[in-house]
Every structure is written in C-alpha cells, then in structure tokens.
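S.K.: The structure that follows is given in the form of structure tokens.
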Amino acid sequence: MAATAQTAPLGGSGDDGLLGTPGSRRPDPAEGEMRLLSRPESAGLARRLTRHQLQVRWLLPAQLTEDAVLLVSELVANAVQHAGAHAFSLRFRRRRGWIRVEVHDPSRALPCLLPPDHRTLTGRGLIVVNHLAGRWGVDLKPHGKSTWFELRVTGGGRS
C-alpha cells in the first residue's frame, strides 16, 4: 500500500518563521522570494512550502516532490547552521522539464562537498544533494549567495 503525503496548511500565526507583513496574503514562492527566519524550525516550514508548491500548485509526481522536500531541508539546514544571518529566502522556479529551488543567504562562504566523516552524525547534506539532484550549484551574489538544485520533471503536473 502506497503512503500518501500530507500537506499541512500554510496559514497560521504570524510567528511561523515566514517574514512578511502580518495579515498579508502569503506570497507564491514561484513569483518571488519568501523570506524565512534563520532558525531550525524554518526547515519544517520550508518543507511544507515545497510540498505545497510542487504537489498542490504544480501537481508534480509524489517521488519528485519527496526528493525536493529532502533537498530543501538539507539546503535550509546549511543556511541556518552556517550563514550566521537573521533570515534567508526560498524561491521556486519552473521551466519545461525542470524545477529549480534556490536558498539565498547573506554569507559568501561556499558550501563544500566533503567525504563523510563516519565519526560524526552531520556533514552529509551535500552528499545527499549531489546524489539526488539533477544539477546543483552555488551562485555568488553581491550580498551573499544562492545555493540551488534542479530536478528533472519526467511526468505529471501542469505547465
């Protein structure tokens, strides 16, 4: 029996980790960046936003959605742990055959893909990204960087 993904509602209190105007309509992360507080709980919000965008708005296949949710979680964890900033932003883009998810943070320090250290429980996030993503990379910006991944859309979904 196949498991079904639950999509949590995106509404909620003003303290859900999403930065914006209280009471304002929640922006579409495919139309612009969504700013999130740089705290561990924001990984859960980023996962919910990703699942909602891919599964509900774009009607993409479940496995693609789950891969994207895992990859977003890894990039957000890196931004929260290493960027040293108050906030970061998340953005989704789609073009024929591909989706792209970007995590922007104000640090210009580049992430490093290192061999796993079997003595620790951390440090494997980029290994997962490198394995699952069709492509991934980092674009330096004047005030920080954008770490991104792309996944190929092979079926389902609407344009």
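The values are calculated or read from the model by the stated rules, or taken from the named source; none is laboratory data. Everything numeric here is computed off the predicted structure, so don't read it as measured data. Positions of Cβ are backbone-derived with ideal geometry, glycine not excepted, and every protein chain shown enters the neighbour counts. The accessibility values were calculated without ligands, DNA or RNA, using every heavy atom of the protein model including side chains. Shrake-Rupley method; radii C 1.70, N 1.55, O 1.52, S 1.80 Å.
S.K.: Filter the stretch 94-111 down to the residues that are within 22 Å of L132 (Cα to Cα), open to solvent by 50 Å² or more (accessible area, probe 1.4 Å) and assigned to a loop (DSSP other than H, G, I, E, B) and list them by number.
M.R.: Of everything in the stretch 94-111, those that are within 22 Å of L132 (Cα to Cα), open to solvent by 50 Å² or more (accessible area, probe 1.4 Å) and assigned to a loop (DSSP other than H, G, I, E, B) turn out to be R96, L110.
Here's the yes/no breakdown for (1) at pLDDT 95 or above; (2) within 19 Å of G134 (Cβ to Cβ); (3) open to solvent by less than 10 Å² (accessible area, probe 1.4 Å); (4) not aromatic (F, W, Y):
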{"position": "T65", "(1), (2), (3), (4)": "yes, yes, yes, yes"}
{"position": "A68", "(1), (2), (3), (4)": "yes, yes, yes, yes"}
{"position": "E74", "(1), (2), (3), (4)": "no, yes, no, yes"}
{"position": "H82", "(1), (2), (3), (4)": "no, no, no, yes"}
{"position": "A85", "(1), (2), (3), (4)": "no, no, no, yes"}
{"position": "F88", "(1), (2), (3), (4)": "no, no, yes, no"}
{"position": "F92", "(1), (2), (3), (4)": "yes, yes, yes, no"}
